[in-house]
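Undergrad: Supplied in structure tokens, the structure appears directly below.
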There are 4 protein chains.
Amino acid sequence: MKNIFETERLRRIYPAYVDFVTKELFPTELHLLQDKWENNEPILRAKRETAKEAGLWAPYLSEEEGGLGLSMVEFGQLSEVMGTSVLGHYVFNCQAPDIGNIELMHMFASEELKEQYLKPLMNGDIRSCFGMTEPEFAGSNPVNMATSAVFDGDEIVLNGHKWFTTACDGASFCIVMAVTDHDASPYARASMILVPTDNEGFELVRNIPIMGEAGGGYFSHAEIRLNDVRVPKSNLIGNRGEGFKMAQMRLGPGRIHHCMRWIGICERAFDMMCERAANRELREGRVLGHQQTIQNWIAESRAEIDASRLMVLSTAKKIDEEGAKAARIEISTIKFYVANVLMKVLDRAIQTHGALGITDDTLLSFWYRHERGARIYDGPDEVHKASLAKAILKNYGL
Amino acid sequence: MKNIFETERLRRIYPAYVDFVTKELFPTELHLLQDKWENNEPILRAKRETAKEAGLWAPYLSEEEGGLGLSMVEFGQLSEVMGTSVLGHYVFNCQAPDIGNIELMHMFASEELKEQYLKPLMNGDIRSCFGMTEPEFAGSNPVNMATSAVFDGDEIVLNGHKWFTTACDGASFCIVMAVTDHDASPYARASMILVPTDNEGFELVRNIPIMGEAGGGYFSHAEIRLNDVRVPKSNLIGNRGEGFKMAQMRLGPGRIHHCMRWIGICERAFDMMCERAANRELREGRVLGHQQTIQNWIAESRAEIDASRLMVLSTAKKIDEEGAKAARIEISTIKFYVANVLMKVLDRAIQTHGALGITDDTLLSFWYRHERGARIYDGPDEVHKASLAKAILKNYGL
Amino acid sequence: MKNIFETERLRRIYPAYVDFVTKELFPTELHLLQDKWENNEPILRAKRETAKEAGLWAPYLSEEEGGLGLSMVEFGQLSEVMGTSVLGHYVFNCQAPDIGNIELMHMFASEELKEQYLKPLMNGDIRSCFGMTEPEFAGSNPVNMATSAVFDGDEIVLNGHKWFTTACDGASFCIVMAVTDHDASPYARASMILVPTDNEGFELVRNIPIMGEAGGGYFSHAEIRLNDVRVPKSNLIGNRGEGFKMAQMRLGPGRIHHCMRWIGICERAFDMMCERAANRELREGRVLGHQQTIQNWIAESRAEIDASRLMVLSTAKKIDEEGAKAARIEISTIKFYVANVLMKVLDRAIQTHGALGITDDTLLSFWYRHERGARIYDGPDEVHKASLAKAILKNYGL
Amino acid sequence: MKNIFETERLRRIYPAYVDFVTKELFPTELHLLQDKWENNEPILRAKRETAKEAGLWAPYLSEEEGGLGLSMVEFGQLSEVMGTSVLGHYVFNCQAPDIGNIELMHMFASEELKEQYLKPLMNGDIRSCFGMTEPEFAGSNPVNMATSAVFDGDEIVLNGHKWFTTACDGASFCIVMAVTDHDASPYARASMILVPTDNEGFELVRNIPIMGEAGGGYFSHAEIRLNDVRVPKSNLIGNRGEGFKMAQMRLGPGRIHHCMRWIGICERAFDMMCERAANRELREGRVLGHQQTIQNWIAESRAEIDASRLMVLSTAKKIDEEGAKAARIEISTIKFYVANVLMKVLDRAIQTHGALGITDDTLLSFWYRHERGARIYDGPDEVHKASLAKAILKNYGL
């Protein structure tokens, strides 16, 4: 499909990202996935330096901040390229949850917090995490939350239990969502508070084993407890009671970032599927790609990936022009649509690879495991479908 | 989803089409569908006059020819509006197979044929048809064909058997695809010949009963026999042996026209589904639209229709910029993709309507019956998927 | 798949039904479908006589009544055979809604009503219908109903509006469900009353056009109005206020009858698909059946039809041993499961036939149109799924 | 659904298996999955002793051999119970590949091999593996194979490369499929040879990392190399050249064993899904199970699992009565049908669990990873569908 979202600037910088990902990351990623984080971390740090030197660092940042000042439409297309490697976003410092925290702090953090935390984060010197989901409550209903933050003189005292705090292991700080105003209306109850992870009382209970792996460092999702954690009042991000409002502003772009990355995964899996189809012999003179079932999978995948990209970039364009809030419904749409395309494309790519597809000798099994969550995290399919339908039915008087 | 394909001109003329379709066609179409063609024809003729007077006639024609000289991207968006009514394309003289024949004759017919046939066709004074498919051969393999056209002095003598000759009943002429050069290479065997339907030997065997209706006039699909039909040599369209080449040029845009129209149907069915969901009571205070299953259908339909439109208009843009041939693969992609979305949307809309959905009291049952063919005509899904996959796998060395 | 539900008796009589259907019905059914009911009726009457003479009449009736006294498991297997022809059930007097009315009257009608109405119905001398669904209320919530029946001395006066009163056109009587006790608890409000169709005030408004056809006689679905219809009190069937209870008893077996018939349709469509696949040439030496996509459809259809039959006959066995009420949940299960298999098998069979599949030159288009309702009538999929899930979740304390 | 396959004997012994699995295995299995094989092995050995003492050991063995002499229909129902735990089959010594090797050696091994290898295998004192698949060849075409076995005096010399040699790590011997007669017709080329794993030249290259885990011991799948491995001629199992014939006899029951086990997994996942649906609160007074989408999943899963069981046990009955060869087509049918039901049920169960579903805090993620292979191992879906379709189309003359 024709790229109707190309820009002059993008045409200039795009090839460098493709080149970097292909030459610097593809050859090492499989090996890294099978090693421990502590062994991988130095290697990735070196890659990051190379990316910085090549002027490819954090392209979404403004030019003053060392980025390229891209529109969402432009960044989306780079993000797809990054997504073709499991290491792409990390190496260019575009990885969740840091990118979301950077955007958030940019808008709402005090100058002191920016100086102390945002700058090194933007520079890739530290990592961060975001503590929202609690095991005791359905994630689909975010206003249900038990973590509390009590203002006590110049301090805030936090107590609570979170999980799926992605990349907490090794992070310098966590932005914690906590109830500060229990009696306020549901959406005005919570606030966001920056909590250094070396704070007394901040307990990393475990890296949750997910799909067979607890992982470590950046590649992990923690269960944490906040036991009478004390931070200065100035660690409040934005206004008290505006936690949900800010979370919405953080989650909207967060979801489209995921969609962009998923399309990158789809393209890579698609490429692997075609490569396999063209080369795997069934018998003399007949390869997998001659089989009509495989052809069907290739054709359906191509159509669905193209559709996904057009949907995501149209949504990005709306965000660029009207803001993330105006594009709320489009974001819900692409969230469930692209997540499901991702599942289908991965499944077909695995089946095309046969037994090889379930081994860790290709990337497919990594994505199959770690992207099953795509239909769950940041709102399950069911919630986004309901949101979209209700917004539509409102126009019909419901 | 944001309309990223809007143009200044489109913004100007679009509302007039929406208005016409809504006010002039929606109120009459259900009634017409249940009456005979001979009763409907005068009503439709009057509507056509109104459309002409309003300057809405055949917008795809150049301005000199009385049209609006639209790009494919622009026409696509009007075609969608027309497609929301079962009468839309006909009333604006944009209906298949005439629109395809007009495009074809425009490019390849002699001046005499243009004067005698194309002009009144463009003006809506006569109708035409196109004779290609033969019952004895799989349509998916177009080079298999038994209809012959023998050059005999100044005349051509045709013999053969065709079916699915859409709108033959009442048409003034048929463009017949016939083998003129039996021993040429497969794709150079056939030619296109204009055959007046009042010619001796041109036999309309029957209007084929399709999904319960033989229909009549424009709403019919004929089985025909050519029994020693004689036409002057000058009725040859284009060059001898170039029938397939021209058929490809005719079919490419033809397929995208269908896709545009299908999206119009999807939007109308979607609107009916939402209307029903918002108003049909299950019990006091609970309507269908409160049910999560219905919400799922609405959300999935919205996503799939939006994806379809983006795919189709992107393809249209490519045709505008690079020509239909360059967009061959994209056209295959949207052909199967949109046809399947259409099936799903219609099915959900019917299920939402319950028993009402299978009656002829709404348009849904008409589309359900008459668009099942969308996955078959102009190439079945399976053929388009294989074409797409093979084109992709070529890049992988297959 | 092995037939694990065969019985000695079935082995004896089964071939005669297969034989009759194949030789007496297959050759005429397509022709009949394209003619009017008044022309078809005498032909069918003759077929019925032949069936009676061959001892194949109404096998579900007890032996005293002229039937074969079959178990549900046995009848199910014959019903499947009947279902392979669109005329099967009618010719053997096993057609809905008569079979349901026969079962109902057998259990609940007074001796007078049995003498006057049931006997000729069992004998095929008259036809009947059943008036339940009302256009103003969602069929999924049967207790919502506006038709009233007021006891007035020795008479009952009925007023109301019904639709989808199948086969009303030409029927001698209608069993009408009407509210007799407006203030009773919801499930005790309605009663069943036998209303002769020649009664003053019984108005057949129209045969509803469904999927393009209003049909006529047995092949029709009426909209009716009851305008101050008066019948004697003795026309009450069963006890006053027990209408819903009896409806449940009527609908349970009614649903399994449909499932059995659908499997017959599946088998016939499957046979047509295989026949086509084995014979339709794509090119020299290659037929449709060599294509892997077609093979997939055949394999998936075979598996799903086999699964359907096992499910239906297991349910029948439970009905035989424990009664229809005990099998309520199983009946809901097969209702939605088999209806969906039917849709898939028909769709694949049509696609395999290409353009021919949408014509009326095969039976597929008839079933495609007239069985789309299978997912709606007698309770839409959504209602049956919810019933099943709720029954299961009850065991988990919900 | 009614159990139409119950037997008197089964009714007697069935509860003991349910009891054992529930009380002895459910409480420990999650913990074991997260530990190393060497730590788990002694625990499992103790469980096996308990099972033996309870008379539950290897019920498929004849009574003389210490089993219960069950029919396939009976064993199938116990196998389902075992399958509800990830440890079930192992603890009762019914695990693949040992059960397949036991059946095979029973039929074809010499008395010496039986004495030396089969007896301790049946007794659970040793484990075994089966070397068939080779990475260089598509598993869907089993006659393509490069491993060779050359007869050299009294010895056989093996060279080759195998992978997916399940449970090789710690096994005492491997039954290797190797080409002995290169010039014979394709299906007469290979033989089966018993190779002790401590043989010089038998190299376990690695336990293949599959879906993130290399595993160990019984829970592993090895890549092996045979480097001039020498075994005595008497290690030949069955006749030379009959390897494929025996493989077919081994694989048929092997496939149905998988299907039975998968149904057990389905039932357990279904139970977890219902439990979660009934208890997970969305908000005060509303749990997941009140959501219609969840109800749909529960209903569809129930229907599909019931259908699967009926299909599998019908096939088992045919095997009991007519032998595995006669049921070849039914086995292909259930292989792809049940594998796909398994995927769907697991997927729905995970989605119902939300974030918890992708953690290793439940069994779902283990099955999600390790049963994705179900659609691949022992023949991918595509191969079984083609086999079934071709067998059917043969009856239509193709």
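The values are calculated or read from the model by the stated rules, or taken from the named source; none is laboratory data. What you see is a predicted model, and the numbers here were worked out from it, not measured in a lab. Using ideal geometry, Cβ is built from the backbone for each residue, glycine included, and neighbour counts are taken over all protein chains shown.
Undergrad: So if I check each of C:225, C:250, C:240, which one is surrounded by fewer than 18 Cβ atoms within 10 Å (Cβ to Cβ) and basic (Lys, Arg)? Write out each step before concluding.
TA: On the way: C:250 fails: surrounded by fewer than 18 Cβ atoms within 10 Å (Cβ to Cβ); C:240 fails: surrounded by fewer than 18 Cβ atoms within 10 Å (Cβ to Cβ).
Unique residue meeting the criteria: C:225.
Undergrad: Another question, then. Out of the residues in the range B:369-382 meeting the condition of being at pLDDT 95 or above and more than 7 Å from every other protein chain (Cβ to nearest Cβ), tell me which one is farthest from residue B:219 (Cα to Cα).
TA: Per the stated criteria, the residue is B:381.
Undergrad: If I filter the range D:103-116 down to residues being under 20 Å from the mean Cα position of the chain (by Cα) and surrounded by 21 or more Cβ atoms within 10 Å (Cβ to Cβ), which single residue comes out as farthest from residue D:251 (Cα to Cα)?
TA: Ranking the candidates gives D:105 first.
Undergrad: Hey, another quick one. Would you mention how many residues in the range B:158-186 are part of a strand (DSSP E or B), in contact (Cβ under 8 Å) with a residue 60 or more places away in the chain and of a type outside the set (Gly, Ala, Ser)?
TA: The total comes to 9.
Undergrad: Going through the range A:154-194 one residue at a time, which ones are under 13 Å from residue A:132 (Cβ atoms) and in contact with a helix residue (DSSP H, G or I) (Cβ under 7 Å, 6 or more places away or on another chain)?
TA: A:164, A:175, A:177, A:190, A:191, A:192, A:193
Undergrad: Being under 21 Å from the mean Cα position of the chain (by Cα) and either within 14 Å of another protein chain (Cβ to nearest Cβ) or closer than 30 Å to residue A:301 by Cα (or both) narrows it down to one of A:69, A:83, so name that one.
TA: Just one listed residue meets the conditions, A:83.
Undergrad: Scan the range C:356-398 for residues that are assigned to a loop (DSSP other than H, G, I, E, B) and either under 20 Å from the mean Cα position of the chain (by Cα) or under 13 Å from residue C:211 (Cβ atoms) (or both) and report the count.
TA: If we filter the range C:356-398 for residues that are assigned to a loop (DSSP other than H, G, I, E, B), which is where we start, we get C:360-363, C:371, C:376-380, C:395-398.
With the extra rule that they be either under 20 Å from the mean Cα position of the chain (by Cα) or under 13 Å from residue C:211 (Cβ atoms) (or both), the set shrinks to C:360, C:363, C:371, C:376-380.
Qualifying residue count, the range C:356-398: 8.
Undergrad: I need the full set of residues from the range D:356-365 which are surrounded by fewer than 21 Cβ atoms within 10 Å (Cβ to Cβ) and at the interface with another protein chain (Cβ under 7 Å from one of its Cβ atoms), in order please.
TA: The answer is D:360, and nothing else.
Undergrad: Let me ask something else about it. Tell me the residue from B:226, B:204 that is more than 23 Å from the chain's Cα centre (by Cα) and under 15 Å from residue B:158 (Cβ atoms), please.
TA: Of the residues listed, the single one that is more than 23 Å from the chain's Cα centre (by Cα) and under 15 Å from residue B:158 (Cβ atoms) is B:226.
Undergrad: Then there's this: Mind checking whether some residue in the range A:285-292 is more than 10 Å from chain B (Cβ to nearest Cβ), surrounded by 24 or more Cβ atoms within 10 Å (Cβ to Cβ) and at pLDDT 95 or above?
TA: no
Undergrad: From the residues in the range D:387-398 that are surrounded by fewer than 21 Cβ atoms within 10 Å (Cβ to Cβ) and at pLDDT 95 or above, which one is nearest to the other protein chains (Cβ to nearest Cβ)?
TA: D:396
Undergrad: Which residue, of A:50, A:133, is surrounded by fewer than 16 Cβ atoms within 10 Å (Cβ to Cβ) and of a type in the set (Val, Ile, Thr)?
TA: On inspection, the qualifying residue turns out to be A:50.
Undergrad: Being in contact (Cβ under 8 Å) with a residue 24 or more places away in the chain, among the β-branched types (Val, Ile, Thr) and out of contact with any Asp or Glu (no Cβ under 6 Å at 6 or more places or on another chain): is that true of residue A:91 here?
TA: yes
Undergrad: Could I ask something else about it? Is at least one residue of the range A:296-305 free of Cβ contacts under 8 Å to residues at least 12 places away in the same chain and surrounded by fewer than 23 Cβ atoms within 10 Å (Cβ to Cβ)? Explain how you work it out, then say what you get.
TA: Narrowing the range A:296-305 to residues free of Cβ contacts under 8 Å to residues at least 12 places away in the same chain: A:296, A:299, A:303.
Retained after the next criterion (residues that are surrounded by fewer than 23 Cβ atoms within 10 Å (Cβ to Cβ)): A:296.
Checking the range A:296-305: at least one residue is free of Cβ contacts under 8 Å to residues at least 12 places away in the same chain and surrounded by fewer than 23 Cβ atoms within 10 Å (Cβ to Cβ).
Undergrad: Separate question: Quick one: would you say residue C:157 is modelled with pLDDT of 95 or more and surrounded by 24 or more Cβ atoms within 10 Å (Cβ to Cβ)?
TA: no
Undergrad: If you don't mind, there's one more thing I want to ask. Which members of the range B:162-205 meet the condition of being at positive phi and surrounded by fewer than 21 Cβ atoms within 10 Å (Cβ to Cβ)?
TA: Across the range B:162-205, the qualifying residues are B:170, B:201.
Undergrad: Just a yes or no: is a residue in the range A:149-171 touching a Cys at 6+ places or on another chain (Cβ under 6 Å) and more than 28 Å from residue A:325 (Cβ to Cβ)?
TA: yes
Undergrad: Also, quick follow-up: Out of (1) closer than 29 Å to residue B:280 by Cβ; (2) touching a helix residue (DSSP H, G or I) at 6+ places or on another chain (Cβ under 9 Å); (3) surrounded by fewer than 17 Cβ atoms within 10 Å (Cβ to Cβ), the odd one out for residue C:151 is which?
TA: Residue C:151 satisfies all of (1) closer than 29 Å to residue B:280 by Cβ; (2) touching a helix residue (DSSP H, G or I) at 6+ places or on another chain (Cβ under 9 Å); (3) surrounded by fewer than 17 Cβ atoms within 10 Å (Cβ to Cβ) except (1).
Undergrad: So which pairs qualify, if the first residue must be in the range D:307-330 and assigned by TED's automatic domain parsing to the domain that holds residue D:386 and touching a residue at least 12 places away in the same chain (Cβ under 8 Å), the second must be polar (S, T, N, Q) and surrounded by fewer than 24 Cβ atoms within 10 Å (Cβ to Cβ), the Cβ gap must be under 7 Å, and the two must be at least 6 apart or on different chains?
TA: Taking only residues 6 or more apart or on different chains, the pairs are D:320/D:71.
Rundown of residues vs (1) within 10 Å of chain A (Cβ to nearest Cβ); (2) modelled with pLDDT of 95 or more; (3) part of a helix (DSSP H, G or I), yes/no style:
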{"residue": "B:275", "(1), (2), (3)": "yes, yes, yes"}
{"residue": "B:282", "(1), (2), (3)": "no, no, no"}
{"residue": "B:300", "(1), (2), (3)": "yes, yes, yes"}
{"residue": "B:304", "(1), (2), (3)": "yes, yes, yes"}
{"residue": "B:315", "(1), (2), (3)": "yes, yes, yes"}
{"residue": "B:318", "(1), (2), (3)": "yes, yes, yes"}
{"residue": "B:324", "(1), (2), (3)": "no, no, no"}
{"residue": "B:332", "(1), (2), (3)": "yes, yes, yes"}
{"residue": "B:347", "(1), (2), (3)": "no, yes, yes"}
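Undergrad: Within the range A:241-284, track down each residue that is within 16 Å of residue A:107 (Cβ to Cβ) and charged (D, E, K, R).
TA: A:242, A:245, A:250
Undergrad: Can you tell me which residue in the range C:188-210 is farthest from residue B:366 (Cα to Cα), limited to those that are touching a residue at least 12 places away in the same chain (Cβ under 8 Å) and within 14 Å of chain B (Cβ to nearest Cβ)?
TA: This residue is C:205.
Undergrad: Can you find a residue in the range D:247-259 that is among the β-branched types (Val, Ile, Thr), within 8 Å of chain C (Cβ to nearest Cβ) and in a helix (DSSP H, G or I)?
TA: no
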